[in-house]
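Visitor: For reference, the structure I am asking about is given below.
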Amino acid sequence: MRPERLRRTFDLLTAYDAFHGIEVSAPEPCPEEALVQIHSPQFVLAVKQIAEDPHHPHAHRFGFGSGDNPIFPGMYNASRLYTGASLQAAQAVVQGADIAMSISGGLHHAHFDCAAGFCIFNDCAVALRELRRRYHRVAYIDIDVHHGDGVQELFYSDPSVLTVSIHQSGRTLFPGTGQPEETGTGGGVGFSLNLPVWPGTSDAVWLHLFEAAAMPVLQAFAPGAVVLQLGTDAHFLDPLASVNLTAQGWLQAVRLVQSLQVPIVALGGGGYCPTTVPRMWAAAFGVLFNVPLNEETPPAFKDHNSIPALFDGTPPNVSPSQQSVCEQFSQAVLQEVKRSVFPIHGLS
Ligand SMILES: [Zn+2]
């Protein structure tokens with residue numbers, strides 16, 4: 001989660017000269033009023049206190065101090081900045097922009113009153129809440145390899161926010177949730193859509209599941225705007241997970257979301273391979289902002305030698321038996337979603 005991921009992405013897009021006619025702005029810290037619409041006031045206060053006192057007696061209770069959420073200097077302000085960036089992106093859309101991007105956001109594991117999985121404040125939820133000021137229905141689409149558990153949980157009973165997450169099965173990866181049977185609660189039943197995939201899943205199977213399960217529900221729901229979490233960790237080179245996507249396969253999902261033709265707030269997310277994250281986010285930027293980018297990266301880009309091209313030449317090798325296991329798993333998920341979620345949206 002080092003800021004180098006963001007810097008390299010920005011450098012790559014700058015080398016492409018991709019920011020013409022696009023407003024680039026520095027983030028403001030997220031106001032506390034917006035944080036407490038998503039998180040408990042006790043948690044927000046605790047983050048502030050723990051940032052100043054790493055020996056705070058309740059640090060552990062609020063999720064800090066473990067391997068995933070170490071306490072670091074400036075933690076409260078840094079968290080307010082990435083959250084403020086996503087809030088500003090949502091505000092831009094509320095004010096009429098078709099697309100806005102907050103690359104430092106997408107911290108989807110943060111809970112109501114607990115930090116988790118590298119995430120402190122849930123900027124995705126803050127952005128969704130902001131969009132709801134203008135739109136009656138908004139959708140959250142999460143293509144990170146990990147389940148978007150924090151966002152799902154925060155809107156689990158809310159039928160005005162459809163959450164969609166395609167991720168490596170929780171049986172094999174953090175955070176362990178995201179089964180297709182998790183569809184919402186109370187009035188929100190049918191408005192949480194979970195599409196787990198089996199380790200080893202490659203482009204065709206992943207995309208087919210997204211297209212056959214997520215797209216009809218999204219079209220039927222007809223959101224006024226979308227928050228798109230662009231985790232890149234489903235790439236085959238990612239060290240934290242075992243899904244086998246190529247950059248170009250992953251990008252097809254971004255194009256599908258764009259085909260909904262509604263305003264998009266695009267957020268960053270996971271992705272831990274330093275040569276894949278910048279090119280995948282740059283490619284997503286190119287699609288979303290309609291800026292054509294050459295397949296070969298600019299020679300002026302200082303990481304040109306380690307990132308010579310946007311896309312992957314040779315997809316990973318998947319054995320026929322592994323492919324078949326992945327296909328069967330994905331078919332079962334599709335059937336379950338068709339049984340439990342489709343009817344709620346008038347689909348069969
Ligand atoms: Zn992730």
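Visitor: For the stretch 112-125, which residues satisfy the criterion of being of a type outside the set (Phe, Trp, Tyr) and surrounded by fewer than 23 Cβ atoms within 10 Å (Cβ to Cβ)?
Guide: Answer for the stretch 112-125, where residues must be of a type outside the set (Phe, Trp, Tyr) and surrounded by fewer than 23 Cβ atoms within 10 Å (Cβ to Cβ): 113, 114, 116, 117.
Visitor: Scan the stretch 297-320 for residues that are more than 21 Å from residue 244 (Cβ to Cβ) and loosely packed, with under 11 Cβ neighbours inside 10 Å and report the count.
Guide: Going through the stretch 297-320 one residue at a time, the tally reaches 2.
Visitor: Might you check whether a residue that is farther than 30 Å from residue 159 by Cβ, touching a strand residue (DSSP E or B) at 6+ places or on another chain (Cβ under 6 Å) and hydrophobic (A, V, I, L, M, F, W, C) occurs anywhere in the stretch 308-321? Working first, answer last.
Guide: Here is the first cut: in the stretch 308-321, the ones farther than 30 Å from residue 159 by Cβ are 308-321.
If we keep only those that are touching a strand residue (DSSP E or B) at 6+ places or on another chain (Cβ under 6 Å) as well, we get 309, 316, 318.
From what's left, hydrophobic (A, V, I, L, M, F, W, C): 309, 318.
Yes, the conditions are met somewhere in the stretch 308-321.
Visitor: Considering every residue within the stretch 204-225, establish whether at least one is assigned to a strand (DSSP E or B), at pLDDT 95 or above, within 19 Å of the chain's Cα centre (by Cα) and away from the ligand (no atom under 14 Å from the Cβ).
Guide: Looking for residues that are assigned to a strand (DSSP E or B), at pLDDT 95 or above, within 19 Å of the chain's Cα centre (by Cα) and away from the ligand (no atom under 14 Å from the Cβ), one finds at least one in the stretch 204-225, hence yes.
Visitor: Taking the condition over 19 Å from residue 224 (Cα atoms), more than 12 Å from the ligand (Cβ to nearest atom) and not charged (D, E, K, R), does residue 115 pass?
Guide: Judged against the criteria, residue 115 is a match.
Visitor: Being of a type in the set (Lys, Arg), in a loop (DSSP other than H, G, I, E, B), more than 16 Å from the ligand (Cβ to nearest atom) and surrounded by fewer than 24 Cβ atoms within 10 Å (Cβ to Cβ): is that true of residue 133 here? Write out each step before concluding.
Guide: On the way: of a type in the set (Lys, Arg): yes; in a loop (DSSP other than H, G, I, E, B): yes; more than 16 Å from the ligand (Cβ to nearest atom): yes; surrounded by fewer than 24 Cβ atoms within 10 Å (Cβ to Cβ): yes.
Yes; evaluated as a whole, the condition is true for this residue.
Visitor: Moving to a separate point now. It is to be established whether one or more residues within the stretch 277-292 are closer than 23 Å to residue 173 by Cα, under 23 Å from the mean Cα position of the chain (by Cα) and free of Cβ contacts under 8 Å to residues at least 60 places away in the same chain.
Guide: Among the residues of the stretch 277-292, at least one is closer than 23 Å to residue 173 by Cα, under 23 Å from the mean Cα position of the chain (by Cα) and free of Cβ contacts under 8 Å to residues at least 60 places away in the same chain, which makes the answer yes.
Visitor: Can you find, within the stretch 8-51, the residue that is nearest to the chain's Cα centre (by Cα) among those that are surrounded by 12 or more Cβ atoms within 10 Å (Cβ to Cβ) and of a type in the set (D, E, K, R)?
Guide: 8
Visitor: Can you tell me how many residues in the stretch 148-161 are outside any helix (DSSP H, G or I), within 14 Å of the ligand (Cβ to nearest atom) and either of a type in the set (A, V, I, L, M) or without any contact (Cβ under 8 Å) to a residue 24 or more places away in the chain (or both)?
Guide: Total satisfying the criteria: 0.
Visitor: Please enumerate the residues belonging to the stretch 52-71 that are at pLDDT 90 or above and closer than 27 Å to residue 240 by Cα.
Guide: 59, 60, 61, 62, 63, 64, 69, 70, 71
Visitor: Of everything in the stretch 249-275, what is buried (at least 23 other Cβ atoms within 10 Å of the Cβ) and either part of a helix (DSSP H, G or I) or within 16 Å of the ligand (Cβ to nearest atom) (or both)? Give them in sequence order.
Guide: 250, 253, 257, 266, 267, 268, 269, 270, 271
Visitor: When you go through 164, 151, 197 one by one, which is the residue that is farther than 30 Å from residue 317 by Cα, in contact with a helix residue (DSSP H, G or I) (Cβ under 9 Å, 6 or more places away or on another chain) and not aromatic (Phe, Trp, Tyr)? Give the derivation first.
Guide: Values: 164 fails: farther than 30 Å from residue 317 by Cα; 197 fails: farther than 30 Å from residue 317 by Cα.
Answer to the check: 151.
Visitor: Go over the candidates 191, 174 one by one and state the one that is closer than 14 Å to residue 231 by Cβ and aromatic (Phe, Trp, Tyr). Explain how you work it out, then say what you get.
Guide: On the way: 191 fails: closer than 14 Å to residue 231 by Cβ.
One residue alone meets the criteria, 174.
Visitor: Another question, if that's okay. Mind checking which helices (runs of 4 or more DSSP H) fall wholly inside the stretch 17-103 and carry at least 1 residues that are of a type in the set (Phe, Trp, Tyr), closer than 28 Å to residue 226 by Cβ and touching a Pro at 6+ places or on another chain (Cβ under 8 Å)?
Guide: 75-94
Visitor: Specify which of the listed residues (162, 131) is farther than 17 Å from residue 217 by Cα and among the aliphatic types (A, V, I, L, M).
Guide: Details: 162 fails: farther than 17 Å from residue 217 by Cα.
Just a single option satisfies the conditions, and that option is 131.
Visitor: Of the residues 145, 164, only one is in a loop (DSSP other than H, G, I, E, B), buried (at least 19 other Cβ atoms within 10 Å of the Cβ) and within 17 Å of the chain's Cα centre (by Cα); which? Show your work before the answer.
Guide: Values: 164 fails: in a loop (DSSP other than H, G, I, E, B).
Only one candidate qualifies: 145.
Visitor: Go through the stretch 1-15 and report how many residues are in contact with a helix residue (DSSP H, G or I) (Cβ under 7 Å, 6 or more places away or on another chain) and farther than 23 Å from residue 233 by Cβ.
Guide: Residues in the stretch 1-15 being in contact with a helix residue (DSSP H, G or I) (Cβ under 7 Å, 6 or more places away or on another chain) and farther than 23 Å from residue 233 by Cβ: 0 in total.
Visitor: Let me ask you something else. Out of curiosity, is residue 307 in a helix (DSSP H, G or I) and either within 21 Å of residue 99 (Cβ to Cβ) or of a type in the set (Val, Ile, Thr) (or both)?
Guide: So residue 307 fails the test.
Visitor: Would you confirm whether any residue within the stretch 179-191 is closer than 22 Å to residue 328 by Cα, within 16 Å of the ligand (Cβ to nearest atom) and modelled with pLDDT of 95 or more? First the steps, then the outcome.
Guide: Initial filter on the stretch 179-191 (closer than 22 Å to residue 328 by Cα): 179-183.
Still in the running and within 16 Å of the ligand (Cβ to nearest atom): none.
Looking for residues that are closer than 22 Å to residue 328 by Cα, within 16 Å of the ligand (Cβ to nearest atom) and modelled with pLDDT of 95 or more, one finds none in the stretch 179-191, hence no.
The values are calculated or read from the model by the stated rules, or taken from the named source; none is laboratory data. Predicted model only: the values in this text are computed from it and were never measured. Counting neighbours? That spans all protein chains shown, and the Cβs are built from the backbone with ideal geometry, glycine included.
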